[in-house]
1. Through the Karplus equation 6.51 cos²θ - 1.76 cosθ + 1.60, θ set to phi - 60°, convert the phi angles of the stretch 156-161 into ³J(HN,Hα) values in whole Hz; use x for Gly and Pro.
2. Just want the ordering: PHE103, PHE132, from fewest to most Cβ atoms lying within 10 Å of their own Cβ.
3. Just to check I understand the Karplus step: with θ = phi - 60° and J = 6.51 cos²θ - 1.76 cosθ + 1.60, what whole-Hz values come out for the stretch 101-111, glycine and proline as x?
4. Using a simple spin-label model with points 7 Å from Cα along the Cα→Cβ vector, what separation in nm is obtained for ALA135 and ILE73?
5. Calculate the spin-label point distance for GLU123 paired with GLU101, positioning each point 7 Å from the Cα along the beta-carbon direction, and give it in nanometres.
6. Between rounded, prolate and oblate, where does the stretch 43-90 land on the alpha carbon gyration tensor, with a ≥ b ≥ c its root eigenvalues, rounded for a/c under 1.5, else prolate if a/b exceeds b/c?
7. Using Stokes-Einstein with the Kirkwood hydrodynamic radius over Cα pairs, what translational diffusion coefficient do you get for the stretch 47-183 at 20 °C and a viscosity of 1.002 mPa s, in µm²/s rounded to a whole number?
8. Using label points projected 7 Å from each Cα along Cα→Cβ, tell me how many nm separate ARG142 and ARG112, to one decimal.
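Since every read-out is calculated from the coordinates, none of them should be taken as a lab result. What you see is a predicted model; the values in this text were computed from it and never measured. FYI the Cβ positions are ideal-geometry reconstructions off the backbone, even for glycines, and counts take in every protein chain you see.
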Amino acid sequence: MWRAVVLAMTLAVTTAPFLRAQQQQDTRPPTIMVSPVLIIDLEALFRGSLYGAAAIEEYDTAGLLIEAENDAIEEQFKAEERALAEQRPDMTPEEFRAAAEDFDARAQQARREQLAKGAELLETLELREQEFYAAALPILRRIMRDRGAAVLLSNDQAILSLSAVDITAESVRAVNEVLGTGQ
């Protein structure tokens, strides 16, 4: 931990003169810091983009449909369970056991099917997120090039950074311009 702090402080001290010299020679607006290392919040990039927002909305909508389906299936099985309980006095133990086992098997199958739908839905969202990052990569490279950066780190990898090297908001704007909703 201390090594990382010392490394970060050493990097800040040794690159500060370089950055000042580069900024003085640079004709870019003063709000854009030229830095060899930039930071980005990848989750905020995805969620803040039109593409990510559309993917998340599709996921949420489909999730609500699965949830409604689950509720309907649950009500159906509750009704069947009540009917089976009402029929029990008129059934032999063997008939009841067979009906209960059939009921349990169908309930377990329905549960597996619904869980599979949820897993498939999550896989679809994860695939959309991977596609988003693949499509955003050239845009992020351009921003890095424009900022004179050699390294782009996820914000969770940085111990300490200046907000001027965080390109998340800039990246969201650039990705929205190029990718839109991804449709």
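1. 7, 9, 8, 7, 8, 7
2. If I rank by nearby Cβ atoms, fewest first, I get PHE103, PHE132.
3. 5, 4, 4, 4, 4, 5, 5, 5, 5, 4, 4
4. 3.1 nm
5. Calculated label separation equals 3.2 nm.
6. Prolate, because a/c is 1.5 or more and a/b exceeds b/c.
7. Numbers: Rh = 19.3 Å.
Estimated diffusion coefficient is 111 µm²/s.
8. Roughly 4.9 nm, to one decimal.
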